[in-house]
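The values are calculated or read from the model by the stated rules, or taken from the named source; none is laboratory data. Just so it is clear, the structure is predicted and the values come from calculations on it, not from any experiment. Glycine gets a Cβ as well: all are built from the backbone with ideal geometry, and neighbour counts include every protein chain shown.
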Amino acid sequence: MIDPFEPQAIAGYFRADGLRGQDHANATLRDVVGPEGHVASDGMLAVGGTSSAYLHQEDGVLCCIEGRISNLRELAGQSQSPAAVMCGLYRRFGRGAIDRLRGSFAIAVWDSEKGAGFLAQDQTGRRAIYYILQADGNLAFASEVTTLLKLLSTKPAPDPAALTQWLLELTVPGQSTFYAGIRRIGAAHRLDLDGGKLVRSRYWLPTYTRPLRGDRDELADALWHELEATVRSRVDPGDRSGIILSGGIDSSAVAAAAASIKDDIGVEPRSYSAVFPGDDRIDESERIAAIVEALDLEGVQLQLRPSGSLALALDYLDRWGLPAPGPGGALEQPLVEQAAAAGVNVILDGQGGDELFGQSPFVIADRVRRGRLVSSFSLAGAMFPTGRPRMPWRQRRRIWTYYGAWGALSPRLHSALRDARGRTRSLPEWLLPPGPEFDQRAAFDWAWKAYDGPRWWAQRVDLLTEGRERIGVADYLRHRAAMVGADARPPLLDVDLIEFCLRLRPELGFDPTVQDRPLIRHALRGRVPEAVRLNRVKSNVGAFYYDTLSGPDLAPIRRLIATPDARLREYADLIGVERLLESLPGVDGPGWYEWVSAVWRLVTVETWLRQQEDAGFARGMLEEPDVVPTIRAVYSAR
């Protein structure tokens with residue numbers, strides 16, 4: 001395993017009428033940011049950053065930034081630190097300064113003369129800010145949970161509602177965390193520090209405009225140029241970029257864009273892929289080899305064996321104080337480790353392509369709302385191509401009912417009908433009934449219907465903003481790279497690219513001859529091999545996760561969650577948990593993927609609860625002989 005390290009972060013305290021115990025606050029911050037960090041204060045705000053952060057104070061404005069401003073040169077026109085640029089922007093535009101930034105950043109700004117400032121995250125949440133109001137009235141904040149905990153005199157108790165929702169669907173409600181009282185500001189949000197009040201507000205949200213004109217060829221080419229520009233903005237001169245490459249269309253598109261601009265920016269990207277020779281369920285080595293050869297990339301392939309998910313979850317918990325959002329680390333962490341060992345400092349990938357390039361199915365609801373019932377039913381038949389001449393009628397009816405009829409209802413009528421039916425989320429048999437603090441219906445509402453604009457657009461806005469944050473994808477990508485000392489710069493989590501894709505006609509996402517993502521596939525014509533561009537078979541790496549959790553990881557998992565002293569007993573029926581572990585449905589057996597998800601949710605909550613009791617639990621568990629890391633070997637390199 002990699003040696004523990006201190007996360008790079010900003011941190012601070014704030015109180016509008018003056019910090020309580022300012023000397024103590026400053027001393028604590030100096031301890032937290034380390035000898036190479038920076039600390040500054042002015043009586044109301046004390047803020048510091050670790051060695052990678054930027055801090056600047058000028059003309060009464062104090063700014064601290066952790067992360068990367070990708071349009072810094074456009075904003076400054078000369079070489080300045082991001083914090084100095086932000087101070088200048090704030091003096092000119094006030095809170096509106098944040099609207100002009102692009103990149104991945106966590107920011108604290110305070111103007112002592114105006115007695116105002118704010119804390120903010122970037123638009124897609126690739127950096128975070130967590131905060132808590134303490135008993136002494138000071139607001140404590142930091143860009144990593146583990147850093148924030150070091151600012152507090154006592155660790156907060158677990159939040160039962162957050163743990164319950166995680167056990168249901170691997171998300172937490174709203175801006176909550178597993179820690180009671182600790183909240184996240186949220187992507188594209190700002191916490192205003194003004195007049196003794198703390199006001200959270202959104203500073204960026206796409207607005208609906210009419211879709212772009214043009215035929216399929218024109219819009220596909222425009223999409224390609226947007227993707228090239230996005231990838232170009234991710235890499236600076238002197239960077240060494242590594243692409244996590246599967247045989248799928250999303251990472252292939254990013255690799256093709258990186259290869260097309262490599263001469264312009266003088267950066268030669270390398271690709272890193274997981275392969276499984278002999279396992280036809282998930283192996284994509286042939287398509288990966290075809291991409292690498294066609295794009296003239298230097299490619300590294302790792303052959304992985306099913307193992308290591310629990311070990312990665314424990315390491316992740318120890319470093320970040322949060323549960324790992326999925327077992328995929330056992331596949332991906334070895335790749336970023338291999339990249340870092342070769343000197344790569346920037347990690348690119350195709351994460352987020354499902355949401356960005358996928359269908360907008362609620363356009364069916366828009367046709368229903370306009371009375372175009374026949375057309376809406378016909379469009380339902382073009383979703384999820386089956387390879388048959390016509391979709392079976394019952395399947396089409398189910399799709400139309402969900403995306404058309406229910407999607408077309410007004411929010412008020414939808415809520416009333418749901419309440420009248422008395423429908424609530426079905427609970428796993430191993431989950432105890434949630435306590436009164438958990439509002440089951442509120443947690444699973446169709447809140448996106450409140451956005452102004454057509455249904456197809458509103459649902460995509462939610463998916464590309466709030467939805468990504470709910471599943472924690474940006475945090476995971478940042479942490480995955482930071483664990484090897486690299487920076488995650490996922491191109492498909494980009495403000496400008498999101499806004500462009502939201503202006504594409506939803507009908508462009510429907511093509512009965514292509515499995516999914518028809519427009520980006522069209523954009524890649526002549527840029528990637530046809531065997532990749534038109535591939536209709538999508539491998540399901542869930543089989544790897546199942547083999548891992550039901551194989552090498554099962555014994556230590558059973559020891560954790562199927563024992564009478566499991567901390568889960570407050571949330572789960574341990575007899576039901578034991579039945580779940582005994583069931584072992586096998587890949588493609590009834591409920592096999594749900595089995596993987598349920599086991600993961602249970603073990604991550606159990607390990608988190610034990611870590612709260614004993615800060616050395618995760619490290620100690622990693623020393624157990626049956627907790628094995630991912631087994632890998634360099635399979636081939638070009």
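The set of residues from the stretch 65-121 being within 22 Å of Arg15 (Cα to Cα), among the small types (Gly, Ala, Ser) and either surrounded by 19 or more Cβ atoms within 10 Å (Cβ to Cβ) or touching a helix residue (DSSP H, G or I) at 6+ places or on another chain (Cβ under 9 Å) (or both) comprises Ala83, Ala106, Ala108, Ala116, Gly117, Ala120.
Within the group Thr230, Thr164, which residue is among the β-branched types (Val, Ile, Thr), buried (at least 17 other Cβ atoms within 10 Å of the Cβ) and either in the same structural domain as Arg15 (by TED's automatic domain parsing) or without any contact (Cβ under 8 Å) to a residue 40 or more places away in the chain (or both)? None of the others qualify; the one that does is Thr164.
Within the stretch 585-594, the presence of a residue that is within 12 Å of Leu310 (Cα to Cα), under 26 Å from the mean Cα position of the chain (by Cα) and either touching a residue at least 40 places away in the same chain (Cβ under 8 Å) or crowded, with 17+ Cβ neighbours inside 10 Å (or both) is excluded. Given the structure, is Glu298 modelled with pLDDT under 95 and within 20 Å of Pro7 (Cβ to Cβ)? No: the conditions fail for Glu298. Counting the residues of the stretch 533-558 that are in a loop (DSSP other than H, G, I, E, B) and more than 30 Å from Ser378 (Cβ to Cβ) gives 6. Residues that are among the hydroxyl-bearing types (Ser, Thr, Tyr) and in a loop (DSSP other than H, G, I, E, B) were ranked within the stretch 76-113; the one that is modelled with the lowest pLDDT is Ser79. Against the list (1) buried (at least 20 other Cβ atoms within 10 Å of the Cβ); (2) assigned by TED's automatic domain parsing to the domain that holds Ala294, the condition Asp236 fails is (1). Picking from residues in the stretch 595-628 that are over 28 Å from Tyr179 (Cβ atoms) and part of a loop (DSSP other than H, G, I, E, B), the one that is farthest from the chain's Cα centre (by Cα) is Pro625.
Table: residues versus (1) in contact (Cβ under 8 Å) with a residue 24 or more places away in the chain; (2) under 30 Å from Glu337 (Cα atoms); (3) among the charged types (D, E, K, R).
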{"site": "Arg480", "(1), (2), (3)": "yes, yes, yes"}
{"site": "Ile498", "(1), (2), (3)": "yes, yes, no"}
{"site": "Gly509", "(1), (2), (3)": "yes, no, no"}
{"site": "Leu524", "(1), (2), (3)": "yes, yes, no"}
{"site": "Arg527", "(1), (2), (3)": "yes, yes, yes"}
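Residue by residue through the stretch 509-532, note down the ones that are farther than 19 Å from Leu297 by Cβ, more than 26 Å from the chain's Cα centre (by Cα) and part of a helix (DSSP H, G or I). Listed by number, the list holds a single entry, His522. Among the residues of the stretch 272-280, not a single one is aliphatic (A, V, I, L, M) and more than 22 Å from Gly299 (Cβ to Cβ). Restricting the stretch 207-238 to residues that are hydroxyl-bearing (Ser, Thr, Tyr) and assigned to a helix (DSSP H, G or I) leaves a set whose member that is farthest from Asp250 (Cα to Cα) is Ser233. For the stretch 183-202, a residue qualifies if it is part of a loop (DSSP other than H, G, I, E, B) and more than 30 Å from Ile265 (Cβ to Cβ), and the qualifying residues are Ile185, Gly186, Gly195, Gly196. Only residues that are crowded, with 16+ Cβ neighbours inside 10 Å and of a type in the set (D, E, K, R) were counted across the stretch 239-278, and they come to 5. Per this entry, Arg73 is counted among residues that are in a helix (DSSP H, G or I) and at pLDDT below 90. Could you name every one of the helices (runs of 4 or more DSSP H) located completely within the stretch 251-364 that has at least 1 residues being farther than 29 Å from Val514 by Cα? Filter on the stretch 251-364 gives 309-320, 329-341. Within the stretch 589-636, the set of residues being of a type in the set (D, E, K, R) and closer than 26 Å to Arg579 by Cα comprises Glu594, Arg601, Glu606, Arg610, Glu624, Asp626.
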